[in-house]
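Right, one structure below, let's go through it.
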Ligand SMILES: Nc1nc2c(ncn2[C@@H]2O[C@H](COP(=O)(O)OP(=O)(O)OP(=O)(O)O)[C@@H](O)[C@H]2O)c(=O)[nH]1
Ligand SMILES: [Mg+2]
């Protein structure tokens, strides 16, 4: 992979804390500028997340569930703990989210002047598969830049959006009494990805029924070693928000402790998926890798974290 000095300069400035360059590097990833893969391949493989520090929180749920209102509260709370936070608002450009990003901007305005907060929206430009690729790469870049917490908000309406949430270490699924019942959530695949369920808008009727249904669903899911807690909250009144934060932190602790092997397996699968995203964008490259790879060694390097997906891809391209 040819890395132009220009791109390398932008990426290294981005990693050393230059916000303007970070924004530029993200745009380059989004627009698939030639050479960004090489720059990603050069990222420090010992960065925190690879070394075992979970800190990507995904927030998903149906349109209008209160995700952004929650993200805003989580940012405030993380800043109080002294953490530096990045918010990625992922807009799948679905008909549901028209104008959502603008509304998010307004909601986030209180953080706009805070040097410890970086807010960025990412859009799919009509190519959903590419969206999870871009989000994954941006998360890797931000991780290398050493931010403490990365919050990814995405609307949970389809499989590609779920893929975005799989990038997270802790996936928070926000539902509301009016967003339908727990059975619907299970059908949408939310039960498998949720580490924390939030029943938001509990200031409205029907919250307790949804709460019980979700608790039942979680209880019946015997395959899980982490039982996703179900938290009743209202982002508008502030009720239960502290409990949501507590559960997110508790899940982070679990990832580093009791659940460490499960968490690193998940990371490994994430690296494999990132690699597949990379080769999936180029049919000739995919064919070359399929014909020329030592599949066991490839899998091992990715799953163990010995190499990062960009490096592996770069080796094949060389
Ligand atoms: N009654 C009530 N309204 C809420 C609560 N939380 C959020 N809302 C309102 O619900 C609306 C949608 O909130 P958002 O935070 O934009 O929801 P979202 O899930 O980010 O929406 P999209 O990004 O468009 O999918 C806003 O008008 C909020 O003020 C709550 O706990 N109770
Ligand atoms: Mg939103």
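Computed from the coordinates by the stated procedures, all read-outs in this text should not be read as laboratory data. Please read these numbers as outputs of a predicted model, since none were measured by experiment. In this analysis, Cβ positions are derived from the backbone assuming ideal geometry, glycine residues included, and neighbour counts consider all displayed protein chains.
Pull out a ≥ b ≥ c, the square roots of the eigenvalues of the alpha-carbon gyration tensor of the stretch 235-305, then state rounded if a/c is under 1.5, prolate if not and a/b is larger than b/c, and oblate in the remaining case.
Cα axes put the stretch 235-305 in the oblate bin.
Let's test the formula: R0 of 35 Å, r as the Cβ-Cβ distance of residue 224 and residue 294. What FRET efficiency results, to the nearest 0.05?
Working: r = 34 Å, r/R0 = 0.97.
It comes to 0.55.
Hey, could you get me the Stokes-Einstein D for the chain, Kirkwood radius over alpha-carbon pairs, 25 °C and 0.890 mPa s, rounded to whole µm² s⁻¹?
The diffusion coefficient I find is 122 µm²/s.
Restricting to DSSP H runs of at least four residues, report the calculated mean residue ellipticity at 222 nm for the chain, -39500 (n - 2.57) per run over all residues, nearest 500 deg cm²/dmol.
Helix contribution divided over all residues of the chain: -16000 deg cm²/dmol.
Please give the helix 19-30 orientation as an angle from the longest Cα principal axis of the chain, in degrees from 0 to 90, rounded to the nearest 10.
That works out to roughly 80 degrees.
At 7 Å along the Cα-to-beta-carbon direction for both residue 34 and residue 110, put a label point, then send me their distance in nm to one decimal.
Between residue 34 and residue 110, the simple spin-label model gives 4.7 nm.
In what sequence do 246, 69 fall when counting other Cβ within 10 Å, fewest first?
Ascending number of Cβ neighbours within 10 Å: 246, 69.
Just want the ordering: 316, 310, from fewest to most Cβ atoms lying within 10 Å of their own Cβ.
316, 310
I want to verify a result. In a Gaussian network model of the chain, Cα cutoff 10 Å, which of these has the top mean-square fluctuation: 308, 200, 31?
Of 308, 200, 31, the most mobile in the Gaussian network model is 31.
Rounded to two decimals, what is the ratio between the C-alpha radius of gyration of the stretch 150-209 and 2.2 N^0.38 Å?
Compared with the compact-globule rule of thumb, the stretch 150-209 sits at 1.11.
For a footprinting-style exposure proxy, rank 303, 247 by other Cβ within 10 Å, fewest first.
So the ranking, lowest neighbour count to highest, is 303, 247.
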